[in-house]
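> If you scroll down you'll find the structure; I have some questions about it.
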């Protein structure tokens, strides 16, 4: 009988099966690269306590942050995308949609509805980056237009929150059409003097930036959000030049007059309430 038992090596099967107490407790900030305690970030509205970078949040968290408790009523939840082009790359578009719908529990990358900000009724449209990178296809564009139409009919402000990689390539020209379609919808709000406020979250790119995201009567961004059309690496490779420091960050865009304000997440609701009281 052995007097001792050999301890398990760190890479043994037994040690791999054993849960690690520290797993998931820490994360790395995308901006300052510091390792931070996850619960501290969660308590701070998903904002890095070191540099103020605003981590992505879910659609549900976004809605809870912006509107009065229990006031949100979703519209058009069953509007689902089709695949008229029968698009296939490494897998079919239909299969991609099914996988994303199962993962997120929604039909596409946009949630629209009605809520209240300190009692003031608003129409709200929120991109879901978790669904195919928040890409804008025919359903996303259609839902933005329907939200704008309802806002116009009720003469209530429209608030749009963007976080998107741009147009959805699997829908080809049908996706690109949404740029003009959504732009026309918010132009009708402008003509009727119905307020439209855009909130740009990290990241907001491509056809979304080139259309509806930059057409707000007031354009707000969260701190350090990346906002642009093409990504910085693509631009550098195209023009063969190094871009200025902070290029495409919200702070750079504010300095150059592309957006109106940078507002921390914890102050967004009150900022919207103040703006709407003057609109």
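The values are calculated or read from the model by the stated rules, or taken from the named source; none is laboratory data. Just so you know, these numbers come straight off a predicted model, no measurement behind them. Because the Cβ atoms are built from the backbone with ideal geometry, glycine has one as well, and the counts that use them run over all protein chains shown.
> Whether any residue in the stretch 34-55 is within 24 Å of the chain's Cα centre (by Cα), loosely packed, with under 15 Cβ neighbours inside 10 Å, at pLDDT below 90 and not in a strand (DSSP E or B) is what I want to check.
No.
> Among the residues of the stretch 146-183, write down those that are over 18 Å from residue 132 (Cα atoms) and either free of Cβ contacts under 8 Å to residues at least 24 places away in the same chain or outside the structural domain of residue 85 (by TED's automatic domain parsing) (or both).
153
> Next question, about the same structure. What number of residues within the stretch 249-261 satisfy the criterion of being in contact with a helix residue (DSSP H, G or I) (Cβ under 6 Å, 6 or more places away or on another chain) and under 19 Å from residue 51 (Cα atoms)? Full working, then the answer.
Narrowing the stretch 249-261 to residues in contact with a helix residue (DSSP H, G or I) (Cβ under 6 Å, 6 or more places away or on another chain): 259.
Checking the rest, the ones that are also under 19 Å from residue 51 (Cα atoms) come to none.
Residues flagged as in contact with a helix residue (DSSP H, G or I) (Cβ under 6 Å, 6 or more places away or on another chain) and under 19 Å from residue 51 (Cα atoms) within the stretch 249-261 amount to 0.
> Any chance you could count how many residues in the stretch 190-227 are surrounded by fewer than 21 Cβ atoms within 10 Å (Cβ to Cβ) and assigned to a helix (DSSP H, G or I)?
Summing the residues that are surrounded by fewer than 21 Cβ atoms within 10 Å (Cβ to Cβ) and assigned to a helix (DSSP H, G or I) in the stretch 190-227 gives 3.
> May I pose another question? Restricting to the stretch 140-158, what's the tally of residues that are within 26 Å of residue 222 (Cα to Cα) and more than 13 Å from the chain's Cα centre (by Cα)?
12
> If you don't mind, another one. Please verify whether the stretch 195-209 includes one or more residues that are touching a residue at least 60 places away in the same chain (Cβ under 8 Å) and over 20 Å from the mean Cα position of the chain (by Cα).
Within the stretch 195-209, one or more residues are touching a residue at least 60 places away in the same chain (Cβ under 8 Å) and over 20 Å from the mean Cα position of the chain (by Cα).
> Something else now. Got at least one residue in the stretch 232-245 being more than 24 Å from residue 64 (Cα to Cα), free of Cβ contacts under 8 Å to residues at least 60 places away in the same chain, in a loop (DSSP other than H, G, I, E, B) and under 21 Å from the mean Cα position of the chain (by Cα)?
So far as the stretch 232-245 goes, no, none of its residues is more than 24 Å from residue 64 (Cα to Cα), free of Cβ contacts under 8 Å to residues at least 60 places away in the same chain, in a loop (DSSP other than H, G, I, E, B) and under 21 Å from the mean Cα position of the chain (by Cα).
> A further question follows. Filter the stretch 228-243 down to the residues that are touching a helix residue (DSSP H, G or I) at 6+ places or on another chain (Cβ under 7 Å) and closer than 25 Å to residue 32 by Cβ, then identify the one that is surrounded by the fewest Cβ atoms within 10 Å (Cβ to Cβ).
Filtering the stretch 228-243 for residues that are touching a helix residue (DSSP H, G or I) at 6+ places or on another chain (Cβ under 7 Å) and closer than 25 Å to residue 32 by Cβ, the one surrounded by the fewest Cβ atoms within 10 Å (Cβ to Cβ) comes out as 242.
One line per residue, one yes/no per condition, for (1) exposed (fewer than 13 other Cβ atoms within 10 Å of the Cβ); (2) touching a strand residue (DSSP E or B) at 6+ places or on another chain (Cβ under 8 Å); (3) modelled with pLDDT under 50; (4) assigned to a loop (DSSP other than H, G, I, E, B):
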{"position": "20", "(1), (2), (3), (4)": "yes, no, yes, yes"}
{"position": "24", "(1), (2), (3), (4)": "yes, no, no, yes"}
{"position": "32", "(1), (2), (3), (4)": "no, no, no, yes"}
{"position": "61", "(1), (2), (3), (4)": "no, no, no, no"}
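> Have a look at 77, 109, 116, 99 and point out the one that is free of Cβ contacts under 8 Å to residues at least 24 places away in the same chain and in the same structural domain as residue 171 (by TED's automatic domain parsing).
Only one candidate passes the filter, namely 99.
> Any chance the stretch 156-163 includes a residue that's assigned to a loop (DSSP other than H, G, I, E, B) and within 21 Å of residue 187 (Cα to Cα)?
Yes, the stretch 156-163 has at least one match.
> So, in the stretch 86-106, of the ones that are in contact with a helix residue (DSSP H, G or I) (Cβ under 9 Å, 6 or more places away or on another chain) and under 16 Å from residue 58 (Cβ atoms), which residue ends up surrounded by the most Cβ atoms within 10 Å (Cβ to Cβ)?
Per the criteria, the residue is 100.
> Another one. Please verify whether residue 83 is assigned to a loop (DSSP other than H, G, I, E, B) and under 18 Å from residue 271 (Cβ atoms), treating the condition exactly as stated.
Taking the combined requirement at face value, the residue does not satisfy it.
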